[in-house]
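So the structure is just underneath, and the comments pick up after that.
The values are calculated or read from the model by the stated rules, or taken from the named source; none is laboratory data. It should be emphasised that the depicted structure is a prediction, and the values quoted were computed from it without experimental measurement. We place every Cβ from the backbone using ideal geometry, glycine too, and count neighbours over all the protein chains shown.
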Ligand code: 5AD
Ligand code: SF4
């Protein structure tokens with residue numbers, strides 16, 4: 001979509017209709033991009049099809065000829081950044097950097113090589129400009145409010161043995177636990193009473209929680225609180241994902257961790273990259289708001305790999321992107337590998353904002369665990385979401401996916417929001433004074 005700066009987006013009635021329409025449009029040789037549907041157009045289909053302005057008539061005719069209907073078509077608001085090049089003029093920067101930033105200002109796609117350049121540059125001026133631009137983009141696109149969500153790590157049992165993870169099946173964990181429905185609901189009600197709108201149910205890959213058990217829980221959460229539900233329970237069958245979606249789950253977080261297939265294999269002894277990709281595509285097809293993410297500083301990972309990850313998030317129209325540093329976990333095969341850097345993680349967050357634009361970018365717990373100011377720094381580098389760790393205190397220390405995992409509670413979330421000069425969501429019913 002480089003030739004035309006002006007785009008239109010097509011919003012369909014369902015994700016499967018959207019994917020079908022996209023396939024038919026592409027089969028006519030017309031270029032499309034899948035993009036997260038802008039919030040003002042509602043949530044009927046969370047992903048839309050972006051096309052060049054000059055293709056609009058052709059696309060509408062194609063869809064008509066194929067009896068494919070769509071809900072709406074709108075001009076896609078250009079994400080031009082006002083005054084960016086003007087402000088850069090003052091600084092000493094390379095031609096390459098200037099060209100990349102001018103593409104970003106004009107809302108044109110940047111290439112893997114250009115993203116790699118941004119990840120690698122050692123120029124202080126350029127690094128500063130990357131963070132400032134990401135912050136400006138965040139402000140213009142998603143605003144100043146920091147979305148606050150609650151995460152409940154409801155089971156630390158896992159049948160998998162990911163080499164980096166402190167709760168892998170081969171690890172000796174002080175205590176393996178599973179929370180029962182009542183215990184989970186107690187936490188949910190507390191989050192609900194604080195006004196929080198989204199709960200993340202996270203666990204290891206634990207088959208104890210059958211689809212049936214999860215469906216019952218999801219229905220109960222919806223019935224009693226109407227909260228949005230994000231599942232983060234790993235790989236399951238398409239049918240399971242479908243049943244959970246039908247029961248009311250809204251979002252699904254399944255991280256790709258890395259798009260480098262060799263590294264993926266090296267860190268995941270019992271996972272297959274193509275299978276993970278298939279799961280992610282299945283989730284999108286089912287209309288989940290799709291979450292992914294990666295780790296920074298994995299063994300053998302190069303800036304080129306991170307650039308590829310960022311393009312993957314964009315191409316898959318991922319809405320929620322968790323980017324955290326790799327942290328060596330005691331007792332795992334990777335305990336002696338070096339930790340990922342805070343600086344590179346922040347830079348990856350910033351560039352992801354520049355490339356993926358209208359997405360939820362959490363200031364991750366992993367970042368907060370290796371830098372006490374990690375959350376504030378992430379919020380200033382393009383992030384706009386905080387996930388509270390809402391696992392009951394008696395279980396928390398047993399969910400050490402990495403060593404020295406930090407505790408993100410309301411107090412630390414409020415601190416990060418304040419320090420980064422941002423706003424708390426209006427829906428919150430609890431104020432910073434109440435949690436002192
Ligand atoms: N370092 C950083 N992140 C980790 N995760 C698991 N283990 C580690 C680690 N050692 C993250 C992964 C996984 C999520 C549950 O936690 O991204 O998806
Ligand atoms: Fe299990 Fe997830 Fe840890 Fe892998 S990363 S061992 S799937 S909890």
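Remarks
- Some residue of the stretch 206-217 being in the same structural domain as residue 265 (by TED's automatic domain parsing) and under 28 Å from residue 349 (Cα atoms): no
To keep it simple, each residue is scored yes or no on (1) in contact with a strand residue (DSSP E or B) (Cβ under 7 Å, 6 or more places away or on another chain); (2) in the same structural domain as residue 324 (by TED's automatic domain parsing); (3) free of Cβ contacts under 8 Å to residues at least 40 places away in the same chain; (4) within 13 Å of ligand 2 (Cβ to nearest atom).
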site	(1), (2), (3), (4)
266	no, yes, no, no
269	no, yes, no, yes
273	no, yes, yes, no
276	no, yes, no, yes
282	no, yes, no, no
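- Scanning the stretch 255-264 for residues that are over 24 Å from residue 36 (Cβ atoms) and either surrounded by 18 or more Cβ atoms within 10 Å (Cβ to Cβ) or within 16 Å of ligand 2 (Cβ to nearest atom) (or both) turns up 260, 263, 264.
- With respect to (1) over 22 Å from residue 343 (Cβ atoms); (2) part of a loop (DSSP other than H, G, I, E, B), the lone exception for residue 122 is condition (1).
- Enumeration of residues in the stretch 386-410 that are in contact with a helix residue (DSSP H, G or I) (Cβ under 6 Å, 6 or more places away or on another chain) and in a helix (DSSP H, G or I): 410
- Within the stretch 382-435, considering residues that are at pLDDT 95 or above and at positive phi, the one surrounded by the most Cβ atoms within 10 Å (Cβ to Cβ): 382
- Qualifying residue in the stretch 326-342 (condition: closer than 28 Å to residue 110 by Cβ, within 16 Å of ligand 2 (Cβ to nearest atom) and surrounded by fewer than 24 Cβ atoms within 10 Å (Cβ to Cβ)): yes
- Residue match in the stretch 359-369 (condition: in contact with a strand residue (DSSP E or B) (Cβ under 7 Å, 6 or more places away or on another chain), more than 21 Å from residue 231 (Cβ to Cβ) and surrounded by fewer than 24 Cβ atoms within 10 Å (Cβ to Cβ)): no
- Hits in the stretch 401-419 (condition: within 16 Å of ligand 2 (Cβ to nearest atom) and within 21 Å of the chain's Cα centre (by Cα)): 401, 402, 405
- Qualifying residue in the stretch 239-254 (condition: in a strand (DSSP E or B), over 17 Å from residue 289 (Cα atoms) and within 16 Å of ligand 2 (Cβ to nearest atom)): no
- Residue list for the stretch 114-126, restricted to those being farther than 17 Å from residue 86 by Cα and in contact with a helix residue (DSSP H, G or I) (Cβ under 8 Å, 6 or more places away or on another chain): 114, 115, 116, 117, 118, 119, 120, 121, 123
- Residue within the stretch 303-318 that is in a loop (DSSP other than H, G, I, E, B), under 21 Å from residue 363 (Cβ atoms) and in contact with a helix residue (DSSP H, G or I) (Cβ under 8 Å, 6 or more places away or on another chain) present: yes
- When restricted to residues that are in a helix (DSSP H, G or I), under 25 Å from residue 164 (Cα atoms) and away from ligand 2 (no atom under 16 Å from the Cβ), the stretch 366-385 contains 7.
- Of all residues making up the stretch 310-337, the number that are in contact (Cβ under 8 Å) with a residue 24 or more places away in the chain and away from ligand 1 (no atom under 12 Å from the Cβ): 11
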